[in-house]
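Before any comments, here is the structure.
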Amino acid sequence: MSLPPSYMDSMDVRVYLAEDAMVEVHGSRHFDSLTEVRRYVRELVAQPWFLRLWPQKMVFQVRDGRGRNYASCESADGVHFTLRFPKQRRERFYILHEVAHACSWNTSNHDHDVIFRKAVKALVQRQMGRGAVETLVTGWKKAGLAA
Ligand SMILES: [Zn+2]
């Protein structure tokens, strides 16, 4: 089934709003440099639980997101991912959000669909704790999104 673009846009907005609300409540560790972001990503994707959940090959490059308002995840082949983080988005949650795009790159139908959100949930639970996951899921449900 193909959904109209307006539905997809509003899903993105609802996902972002619920995420921002969660970050406001639970906070999100800020990283001062790209070097720290790179180290965090490198250590995250080497965790045994991460490799169990997402055994597919993923190669990450972390770059500056200068001139952008948001972080992003890009890939041409579904294996090599470029994550970009402007200064204001060098926070643990937004890193997890972009890594979740890579984890669900080959399985999700839309950027922020339920498969993507499952990846976010798994990452947030491991890195930010159960309380953060519960706030996030509550926010999604209030916005009419399955968790
Ligand atoms: Zn996203």
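For region 17-26, indicate whether the set of residues that are within 12 Å of the ligand (Cβ to nearest atom) and touching a residue at least 12 places away in the same chain (Cβ under 8 Å) is non-empty.
Yes - at least one qualifying residue is present in region 17-26.
Determine, yes or no, whether GLU134 is within 16 Å of the ligand (Cβ to nearest atom) and part of a helix (DSSP H, G or I). Quick ask: steps written out before the conclusion?
Working: within 16 Å of the ligand (Cβ to nearest atom): no; part of a helix (DSSP H, G or I): yes.
No: the conditions fail for GLU134.
Matching residues to (1) buried (at least 20 other Cβ atoms within 10 Å of the Cβ); (2) more than 9 Å from the chain's Cα centre (by Cα):
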site	(1), (2)
ALA76	no, yes
PHE81	yes, yes
ARG90	yes, yes
LEU96	yes, no
THR107	no, yes
LYS142	no, yes
ALA147	no, yes
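Among the numbered criteria (1) closer than 15 Å to LEU34 by Cβ; (2) free of Cβ contacts under 8 Å to residues at least 40 places away in the same chain, which one does ILE95 miss?
If we test ILE95 against (1) closer than 15 Å to LEU34 by Cβ; (2) free of Cβ contacts under 8 Å to residues at least 40 places away in the same chain, just (2) comes out false.
Go through (1) touching a strand residue (DSSP E or B) at 6+ places or on another chain (Cβ under 6 Å); (2) surrounded by fewer than 14 Cβ atoms within 10 Å (Cβ to Cβ); (3) touching a residue at least 40 places away in the same chain (Cβ under 8 Å) one by one and return the number of the condition GLN47 breaks.
(1)
Counting only residues that are of a type outside the set (A, V, I, L, M, F, W, C) and closer than 14 Å to GLN56 by Cα, which one in region 68-122 is nearest to the ligand (Cβ to nearest atom)? Explain how you work it out, then say what you get.
Filtering region 68-122 for residues of a type outside the set (A, V, I, L, M, F, W, C) gives 68-70, 72, 74-75, 77-78, 80, 82, 84, 86-92, 94, 97-98, 101, 104, 106-113, 117-118, 121.
Cutting the leftovers down to closer than 14 Å to GLN56 by Cα gives us 77-78, 80, 101, 104, 106-107.
Numbers: ASP77: 19, GLY78: 16, HIS80: 18, HIS101: 6, SER104: 10, ASN106: 16, THR107: 15 Å.
For region 68-122, the residue satisfying everything is HIS101.
Bear in mind that the values in this text are calculations on the coordinates, not laboratory data. In this text, all values refer to a predicted model and were calculated from it rather than measured experimentally. Using ideal geometry, Cβ is built from the backbone for each residue, glycine included, and neighbour counts are taken over all protein chains shown.
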